[in-house]
Amino acid sequence: MEYLETYEKPEYHKIMRVSLALDGCRILKGPQDEKQLMEFLEDDVQIGRYRKMLQLVVREKVEESAQERVLQFFSPENLKTQFKNGETKVTCSYFRKVDGQLRPVSAAVYPRSFGKQGELKEFMIYIFMENV
């Protein structure tokens, strides 16, 4: 019997590591303009780097009708709740600008580390292009 490989590896558009302890994030793979933006953002008392990045990218890159849903999905509060409730992966699909055009993407978020009390400390975000 011969097996044919039909699984296509996803084309990752962006990979991020987010630390809630420092409210920081690092783009491991992604658009150059977003990497440059990350360098200029600084934490302040009112809002941390990850939240600033989230707000800016959603406003500029995500389809307008999905912006509130995407902001809520990626919010630290939502992710903390999801992983505290036993989820090991949370996903969301939406349209975002890629190379100037709105394209369907999916996001998968995985916990990376937890504190001694079981609180979420770090997570990984993988955003990949959907095949259409």
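Does any residue of segment 94-111 turn out to be surrounded by 14 or more Cβ atoms within 10 Å (Cβ to Cβ) and touching a Pro at 6+ places or on another chain (Cβ under 6 Å)? Yes, the conditions are met somewhere in segment 94-111.
In the condition set (1) surrounded by 11 or more Cβ atoms within 10 Å (Cβ to Cβ); (2) under 14 Å from Lys14 (Cα atoms), Gln67 is compliant with all but (2).
Residue by residue, here is whether (1) at pLDDT 90 or above; (2) closer than 18 Å to Tyr110 by Cβ holds:
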site: Asp43; (1), (2): no, no
site: Ser65; (1), (2): yes, no
site: Lys80; (1), (2): yes, yes
site: Lys97; (1), (2): yes, no
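I'd like the full set of residues that are surrounded by 14 or more Cβ atoms within 10 Å (Cβ to Cβ) and not in a loop (DSSP other than H, G, I, E, B), limited to segment 80-93. Spell out the reasoning first.
Going residue by residue through segment 80-93, those that are surrounded by 14 or more Cβ atoms within 10 Å (Cβ to Cβ) are 80, 82-83, 87, 90, 92.
Correct list: Lys80, Gln82, Phe83, Val90, Cys92.
Only one of Gly115, Gly48, Gly100 is more than 20 Å from Arg17 (Cα to Cα), among the small types (Gly, Ala, Ser) and out of contact with any Phe, Trp or Tyr (no Cβ under 7 Å at 6 or more places or on another chain). Can you tell me which? None of the others qualify; the one that does is Gly100.
Quick one: in segment 45-63, of everything that is assigned to a loop (DSSP other than H, G, I, E, B) and at pLDDT below 85, which residue is surrounded by the fewest Cβ atoms within 10 Å (Cβ to Cβ)?
To start, the set of residues in segment 45-63 that are assigned to a loop (DSSP other than H, G, I, E, B) comprises 45-48, 63.
Pick out the ones that are also at pLDDT below 85 and you get 45-48.
Numbers: Val45: 5, Gln46: 7, Ile47: 13, Gly48: 20.
Within segment 45-63, the match that is surrounded by the fewest Cβ atoms within 10 Å (Cβ to Cβ) is Val45.
Scanning segment 95-127 for residues being under 17 Å from Met53 (Cβ atoms) and touching a helix residue (DSSP H, G or I) at 6+ places or on another chain (Cβ under 7 Å) gives a total of 4.
What residue, among those in segment 70-79 that are out of contact with any Leu (no Cβ under 8 Å at 6 or more places or on another chain) and of a type outside the set (A, V, I, L, M), is surrounded by the most Cβ atoms within 10 Å (Cβ to Cβ)? Step by step, filter segment 70-79, then rank; the result is Phe73. Just for segment 112-132: of the residues that are open to solvent by 60 Å² or more (accessible area, probe 1.4 Å) and among the hydrophobic types (A, V, I, L, M, F, W, C), which one is farthest from Asn78 (Cα to Cα)? Going through the qualifying residues, I end up with Val132.
The values are calculated or read from the model by the stated rules, or taken from the named source; none is laboratory data. Just so we're clear, the structure is a prediction, and the values are computed from it rather than from any experiment. Every residue, glycine among them, receives a Cβ derived from its backbone with ideal geometry; neighbour counts consider all protein chains shown. Protein only, heavy atoms only, side chains kept; ligands, DNA and RNA dropped before computing areas. Shrake-Rupley method; radii C 1.70, N 1.55, O 1.52, S 1.80 Å.
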